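Worksheet: one structure, shown below.
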Amino acid sequence: MRKIIYWVHTSVDGFIDGPDGEFDWPVMGPGLSAYSEGLDKGVDTLLFGRPVWEMMVGFWPNAESITDDPHTAAFAPFWRATPKIVFSRSYEGDDWTSRVISDDLAGEVAALKAQPGGTMLLTGGATLAAELTELGLIDEYHIAVHPVVLGGGRPLFANPEHRHNLRLVGSQIQDGQVVVSQYRLVPPPTTT
């Protein structure tokens, strides 16, 4: 069975973007870049909610012409070559989208996980991650906490319906300032 990894950057106060949607605060130093690139090994499918997709498709197709950042140079070819699935009820796709899933989230993602293949990487966002968490479909959470207080924005998990317990399976400091923690969802207790 394939697994889904959720990779996300957050502020100390738990927001994935600022009050006006700004995402200019994560600093991708060499350690954090290497960590991110390490997550890509074994990934054969990228997953995005529509808001993150619009940000990604506006940058990564021509990223090397925008910046000479080493992380960008390493990730851009991987991003372009890897199949990408966008989850949206209204988006029809574009030249970079491999597939759009618009309904039956539980069934469609369960079917993806049952197919042969490598890891699927869900990058950023809050709503899709919260929905997949509610369904118990995310296998690992890799959360990079940056040393910034944003004071508002979209919360890391958008309006969860239930409490979800996570188990810490690893943690490290990257570039002397970003704490990256890895979690797994603790299955709810079974009732007999």
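Worth a mention:
- In the stretch 58-144, the alpha-carbon atoms span a convex hull of 125 Å³ per residue.
- Label-to-label distance, nm, for residues given as LYS113 and GLU64 (7 Å Cα→Cβ offset): 3.7 nm
- Theoretical gain in end-to-end length, ARG2 to ASP104 [0.36 nm per residue, Cα-Cα removed]: 34.9 nm
- Two numbers describe the Cα atoms of the stretch 99-143: Rg and Dmax, which are 10.6, 27 Å.
- If you run the Gaussian network model on the chain, springs between alpha carbon atoms under 10 Å, then out of GLN172, GLN182, GLN115 the most flexible one is GLN115.
- Furthest towards positive pole of dipole, VAL27, VAL180, GLY153, structure part the stretch 4-185, Cβ charges: VAL180
- Charged-residue dipole, Cβ positions (Lys, Arg, Asp, Glu), the chain about Cα centre, Debye nearest 20: 720 debye
- Efficiency of FRET from Cβ geometry, ASP24 and TYR91, R₀ 22 Å, rounded to 0.05: 0.35
- Considering only the stretch 4-185, percent of DSSP beta bridges that pair antiparallel, nearest 5: 40 percent
- Computed per residue of the chain from DSSP H runs no shorter than four, each worth -39500 (n - 2.57), the mean residue ellipticity at 222 nm is -7500 deg cm²/dmol.
- Candidate values [x] 9, 38, 40, 13, 0; [y] 9, 37, 35, 15, 4, 0; [z] 8, 35, 41, 14, 1, 0, label of the one derived for P(r) over Cα pairs in 10 Å bins from 0, in percent: [z]
- Taking every C-alpha pair closer than 8 Å and separated by at least 6 residues, the mean separation divided by the residue count of the stretch 79-192 gives a relative contact order of 20 percent.
- Figure legend: label point modelled 7 angstrom from the Cα of ALA34 along Cα→Cβ; residues of the stretch 69-100 with amide N under 14 Å from it are 71.
- Based on Cα contacts under 8 Å between residues 6+ apart, the chain shows a relative contact order of 36 percent.
Any read-out appearing in this document is the output of simple, stated calculations on the displayed coordinates, not a laboratory observation. All of these numbers come straight from a predicted model, not from anything done at the bench. Note: ideal-geometry Cβ built from the backbone for every residue, glycine included; neighbour counts use all protein chains shown.
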